[in-house]
Protein chains: 2
Amino acid sequence: MKLKTTLSALTLGLLMTNSAHALEYQHVRNATAKVNFGGSTFLIDPYLAEKGAYEGFAGTVNSKQRNPVIEMKQSADEIIKSVQAVIVTHTHDDHWDKAAQEKLPKDLPIFVQNADDAKIIRSQGFKDVRVVGANTEFNGVKLSRVKGGQHGTDAMYAMPQLAELLGDAMGFVMQANGEKTMYVVGDTVWNASVDQALSQYQPEVIVMNTGKAMLEGMDGGIIMGTEDVAKMAKVAPKANLVTVHMDSVNHTTVSSQQMREFVKAKGLKQVAVPKEGETLKY
Amino acid sequence: MKLKTTLSALTLGLLMTNSAHALEYQHVRNATAKVNFGGSTFLIDPYLAEKGAYEGFAGTVNSKQRNPVIEMKQSADEIIKSVQAVIVTHTHDDHWDKAAQEKLPKDLPIFVQNADDAKIIRSQGFKDVRVVGANTEFNGVKLSRVKGGQHGTDAMYAMPQLAELLGDAMGFVMQANGEKTMYVVGDTVWNASVDQALSQYQPEVIVMNTGKAMLEGMDGGIIMGTEDVAKMAKVAPKANLVTVHMDSVNHTTVSSQQMREFVKAKGLKQVAVPKEGETLKY
């Protein structure tokens, strides 16, 4: 009888562990996602304003269009509910907006890429801002910053003002026992840091920002596009790919519809192009 | 007669060009260097105070020792003379000190790694602060930031406070027509970003910070040491190596004397361990 109880408890424990550890990636909008990972709930790059709340980004393509271009499927309050930590890859408006700054509880842990962003977010009243390094731990989840991304082309970064404006954005990797390793590539073009992260972490889920946002009058994207998805499918053939950061800000030039057509034409079955509000489970 | 004059002028011109373009690296102290490159004079990581001006770095080894530990061979004023631009790899005190902030002309171009350091240095009164990107140009010299360095071990960067304190430091590469390519590695341990820079730029002169500075009670260096010099000699066998950032701050654990002995014992003829004030020509 005692043994039976223990076994039942053990079985229940295992079930609970498994259930708690399912990787759930809910695509909110743009690069915003609510992620259950290793039993905790993370909010990534919260961009929570209502449709049209802001002017378009000056100096970018289609800058007369207001942002966000589309609505979320849930309210910001609903999205924020049950979030235990926030990860902000960089502080550009479409990853950390005024609405997020106003609505998020000020004592939530906010993980950031560096001292600069930490200072900015602390100045907005947040009390628990933490810089992500290598294997920075939160509730048994390891967060590792992927440094060396580049939020635009070499030609753009040759210009000091543009280098400063585009700035730095991190990618990051989430790891936990019994959980698939997830690499969130962030706002970067494909460069050596991406190859390095793929080789170091061997991620099984890779989230890519693929709207190919562009600056007015400059060649090349400041984030990835369709061609990078095809490359990723070749370089990391076993990984599940998630493509986001489309449709939601004025300066993207690849829509999720175009991405779906591209993925279909190329037969890339491992690529998800989630709709707003959709949850992917891995 | 006319031809002769022209040829003389041409010869003189070539001589002047060659002379103007000689790479001269003057080791001032610590990581501070005055560099003639591509016909312009750069000051790198100015740490210009007199011996003992500051307290030792809290939380590091030998923190009771005052910094700088040794004097420069010239006065700060003499060093600053004829400098046309300054490159600051990061704003830790031993690379950008109060003396440098006070003594350097406020209209000198200051090249920095990111918006954070640009903001800090602008707030100190400097009017022409420029973020280094890819092939950022100054007087025909291309400056490229090497991102992704790590100013300590993974264990240190796992801790958010330490990750923030150690922060980011850039390496950079200088390129110009007719000039050897120089890679200043900066305050980093050896990681993938170093391999990537070596492969991308194939530098012929490599400046390494090799004092193996250490934190109190933590294993591992926060910059390179002797073993990294041996590795570099193997990985970049044709390059001239310059080792600096020794003897001058409390927390270094490799002295230039130890480095000289190491280099001699290993037979590494391509490694220079310059004395303060010494000029190396390449």
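The values are calculated or read from the model by the stated rules, or taken from the named source; none is laboratory data. Everything numeric here is computed off the predicted structure, so don't read it as measured data. Cβ: placed from backbone, ideal geometry, glycine included. Neighbour counts: every protein chain shown. When the accessible area is computed, the model is the full protein with side chains, heavy atoms only, and any ligands, DNA or RNA have been set aside. Shrake-Rupley method; radii C 1.70, N 1.55, O 1.52, S 1.80 Å.
Summary table below
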item: Filter result for B:MET72 (touching a strand residue (DSSP E or B) at 6+ places or on another chain (Cβ under 7 Å), closer than 15 Å to B:ASP187 by Cα, more than 8 Å from chain A (Cβ to nearest Cβ) and not hydroxyl-bearing (Ser, Thr, Tyr)); result: no
item: Conditions (1) out of contact with any Phe, Trp or Tyr (no Cβ under 6 Å at 6 or more places or on another chain); (2) open to solvent by 10 Å² or more (accessible area, probe 1.4 Å); number of the one not met by A:VAL229; result: (2)
item: The listed residue being modelled with pLDDT of 95 or more, in contact with a Leu (Cβ under 7 Å, 6 or more places away or on another chain), open to solvent by 20 Å² or more (accessible area, probe 1.4 Å) and more than 24 Å from B:LYS142 (Cβ to Cβ), out of B:GLN258, B:GLN270; result: B:GLN270
item: Hey, A:GLY186 within 11 Å of chain B (Cβ to nearest Cβ), part of a loop (DSSP other than H, G, I, E, B) and of a type outside the set (Lys, Arg) or not; result: no
item: Flag for B:GLY217 being part of a loop (DSSP other than H, G, I, E, B), under 30 Å from A:VAL132 (Cα atoms), more than 14 Å from every other protein chain (Cβ to nearest Cβ) and free of Cβ contacts under 8 Å to residues at least 24 places away in the same chain; result: yes
item: Hits in region B:234-282 - residues which are closer than 21 Å to B:ALA22 by Cα and of a type in the set (A, V, I, L, M, F, W, C); result: B:ALA239, B:LEU241, B:VAL242, B:VAL244, B:VAL271, B:ALA272, B:VAL273, B:LEU280
item: Tally, over region B:189-211, of residues that are open to solvent by less than 20 Å² (accessible area, probe 1.4 Å) and under 21 Å from B:ARG260 (Cα atoms); result: 7
item: Residue selected from region A:166-178 under the condition among the hydrophobic types (A, V, I, L, M, F, W, C) and either without any contact (Cβ under 8 Å) to a residue 12 or more places away in the chain or within 30 Å of A:ASP219 (Cα to Cα) (or both), by the criterion nearest to the other protein chains (Cβ to nearest Cβ); result: A:LEU166
item: Count - residues of region A:150-184 that are of a type outside the set (Gly, Ala, Ser) and under 15 Å from B:GLY148 (Cβ atoms); result: 7
item: Inter-residue pairs, beta-carbon under 6 Å, first at negative phi and in region A:80-106, second open to solvent by less than 50 Å² (accessible area, probe 1.4 Å) and charged (D, E, K, R), 6+ apart; result: A:THR89/A:ASP45; A:THR91/A:ASP117; A:HIS95/A:ASP45
item: Meets criteria (assigned to a helix (DSSP H, G or I) and of a type in the set (Gly, Ala, Ser)) for A:ALA163; result: yes
item: Failed item, numbered, when B:THR181 is tested on (1) open to solvent by less than 10 Å² (accessible area, probe 1.4 Å); (2) more than 7 Å from chain A (Cβ to nearest Cβ); result: (1)
item: Residues that are open to solvent by less than 60 Å² (accessible area, probe 1.4 Å) and either more than 7 Å from chain A (Cβ to nearest Cβ) or not acidic (Asp, Glu) (or both), drawn from region B:155-165; result: B:MET156, B:TYR157, B:ALA158, B:PRO160, B:LEU162, B:ALA163
item: Members of region B:240-260 that are touching a helix residue (DSSP H, G or I) at 6+ places or on another chain (Cβ under 9 Å) and either over 23 Å from B:ASN62 (Cα atoms) or not hydrophobic (A, V, I, L, M, F, W, C) (or both); result: B:LEU241, B:THR243, B:ASP247, B:GLN258
item: Matching residues, region B:166-178, being open to solvent by 20 Å² or more (accessible area, probe 1.4 Å) and not small (Gly, Ala, Ser); result: B:ASP168, B:GLN175, B:ASN177
item: Segments classed as strands (runs of 3 or more DSSP E), wholly inside region A:110-154, with at least 3 members that are at the interface with chain B (Cβ under 8 Å from one of its Cβ atoms) and among the acidic types (Asp, Glu); result: none
item: Test: residue in region B:99-115 that is touching a strand residue (DSSP E or B) at 6+ places or on another chain (Cβ under 8 Å), more than 30 Å from A:THR91 (Cβ to Cβ) and crowded, with 20+ Cβ neighbours inside 10 Å; result: no
item: Number of the exception - B:LYS275 against (1) closer than 25 Å to B:HIS151 by Cβ; (2) in contact (Cβ under 8 Å) with a residue 12 or more places away in the chain; result: (1)
